[in-house]
């Protein structure tokens, strides 16, 4: 088992940060408290832009030339996809219900979008037109998913979200096993890889960290 080596730690610009994604060198973060997206320069931690979202942000990923988001709408906490274009804002006409109006974390390999549906114990793969390509069994609860060096990564969690681990998942299989790599902080939510380092939010601590594996 490896360990994580923390490289940086920052106060998040919005309370209870949840989703993270890199798009053209900028780190995008969604806040549960403000329901805003923040564009952050990862080198200086300066906030470059702040945009109100039409719901509570649960997932975000760079995909098809823009950002795709999962937002929770209304008292029923129903989940919807929205397309977000940096510099332009949310495309309100792109609002599309997630299957069964549930889902949270997003990840993309550039050609396929992946949505974690922890309630149903699966990951759904979508094409650019929003069609479901396949289902992948989610072997544990998840605090985040993302693509990194040569693999699909996830934060695995036990039922109480007390024990979290960074793991890899072979998503070429329909029923993959999680291969644990390193323990993660119990507060960790979301995964984003900048090409060198991983980033995650410590949501209830209102902090964001960058780390590598050692």
Residues within the range 157-170 that are closer than 20 Å to residue 113 by Cα and either in contact with a helix residue (DSSP H, G or I) (Cβ under 7 Å, 6 or more places away or on another chain) or surrounded by fewer than 18 Cβ atoms within 10 Å (Cβ to Cβ) (or both), tallied
1
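If a residue has to be at pLDDT 95 or above and either more than 13 Å from residue 154 (Cβ to Cβ) or in contact with a helix residue (DSSP H, G or I) (Cβ under 7 Å, 6 or more places away or on another chain) (or both) to count, how many in the range 100-110 make the cut?
7
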From (1) closer than 29 Å to residue 178 by Cα; (2) surrounded by fewer than 18 Cβ atoms within 10 Å (Cβ to Cβ), pick out the condition that doesn't hold for residue 50.
(1)
From the list 59, 14, 30, which one is in a strand (DSSP E or B), free of Cβ contacts under 8 Å to residues at least 40 places away in the same chain and crowded, with 18+ Cβ neighbours inside 10 Å?
30
Would you tally the residues in the range 103-127 being surrounded by 13 or more Cβ atoms within 10 Å (Cβ to Cβ), touching a residue at least 24 places away in the same chain (Cβ under 8 Å) and assigned to a loop (DSSP other than H, G, I, E, B)?
4
Residue pairs meeting the criteria (Cβ under 6 Å; at least 6 apart or on separate chains; first without any contact (Cβ under 8 Å) to a residue 24 or more places away in the chain, in the range 130-142; second loosely packed, with under 15 Cβ neighbours inside 10 Å):
133/127; 138/121
So, residue 154, is that one more than 15 Å from the chain's Cα centre (by Cα), buried (at least 18 other Cβ atoms within 10 Å of the Cβ) and either at pLDDT 95 or above or on the phi > 0 side of the Ramachandran plot (or both) or not?
no
Hey, does the range 119-142 have a residue that's at pLDDT below 95 and closer than 18 Å to residue 18 by Cβ?
yes
Residue under question is residue 147, and the condition is that it be farther than 28 Å from residue 211 by Cβ and within 14 Å of the chain's Cα centre (by Cα); does it hold?
no
Looking only at the range 44-55, decide whether some residue is touching a residue at least 60 places away in the same chain (Cβ under 8 Å) and in a loop (DSSP other than H, G, I, E, B).
no
Any chance you could count how many residues in the range 168-184 are within 19 Å of the chain's Cα centre (by Cα) and touching a residue at least 24 places away in the same chain (Cβ under 8 Å)?
8
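The values are calculated or read from the model by the stated rules, or taken from the named source; none is laboratory data. Predicted model only: the values in this text are computed from it and were never measured. Using ideal geometry, Cβ is built from the backbone for each residue, glycine included, and neighbour counts are taken over all protein chains shown.
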